[in-house]
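The values are calculated or read from the model by the stated rules, or taken from the named source; none is laboratory data. Computed from a predicted model, the values in this text were never measured in an experiment. All Cβ positions, even for glycine, are placed from backbone atoms using ideal geometry, and neighbour counts span all protein chains on display.
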Amino acid sequence: MNTIDLTPFYRSSVGFDRLGSLIDSAMRSEQSAGYPPYNIEVVGESQYAITLALAGFDDSEIDIQTEKGVLTVKGKKETKNEKANYLHQGIANRSFERKFNLADYVEVSGASLDKGLLTIHLLREIPEAMKPKKIAINSNAGDTLSVEDKVANQNNSTLENKVVENKVVENSAPANSNPANNASESYLNEASKGQAA
C-alpha cells in the first residue's frame, strides 16, 4: 500500500485538512476495483459530465446522492429467481458504489441513462460575491472625498430638495383657494377704493 506523508506540508499551511483527506481517498480508490468504468469530461467553461458504463442496469436500480461535496453513485442489481447455466460470464452484474469529490460551488444539474451509459451533468456556479470585481481608479486625486464628507453632502442635498419642494407647493397653491383670504382681500379692495374716492 502506497502512503504519502503530508506532515511537512501541514507544518507550513493552515486550513488544508480537506486536501489531505482528498489525497488519501484518491489513493484508496486507485487500489479498489475499477468497476464500473467511467469518464470525466469538460463540456464547457463551467460544465462537466461524468459518464459511467452500466450495462444491464435499469434507472430504478441506480441511486445518485450528493452530500458535503461528495457525489455518490450506487447500483444494486436485483437478483433474478431463475439460475442461468453460463459457460462464460463476462458481464458484471454486481452491485457497486463510486464516490467523486466535488470542488466548491460544483452542483449536480441532472442525470440521464441512455444505451447503458449513465451521464451525470455538473455545473459550477460561483456566487456573485466571489466573482472578481473591477475597481475604477479616480484620475483627480484632489477631488476625492472622505466617507464622512460624502454623507454630509448627501444630507445637505436632501434638505435642499425638501426646501425647494415646499416652496414649489406653496407657490403652486391657487390664490383663491381659501375663502377667508378671499373675504379679507375683497374688504381691503373696497376700503382702498373708498379712501381713493
Item to complete: Could you list, in sequence order, all residues of region 51-102 that are more than 28 Å from the chain's Cα centre (by Cα) and aliphatic (A, V, I, L, M)?
Response: A53, L54, A55, I62, A84, L87, I91, A92
Fill in: In region 24-46, the residues that are loosely packed, with under 10 Cβ neighbours inside 10 Å, of a type in the set (D, E, K, R) and modelled with pLDDT of 65 or more
E45
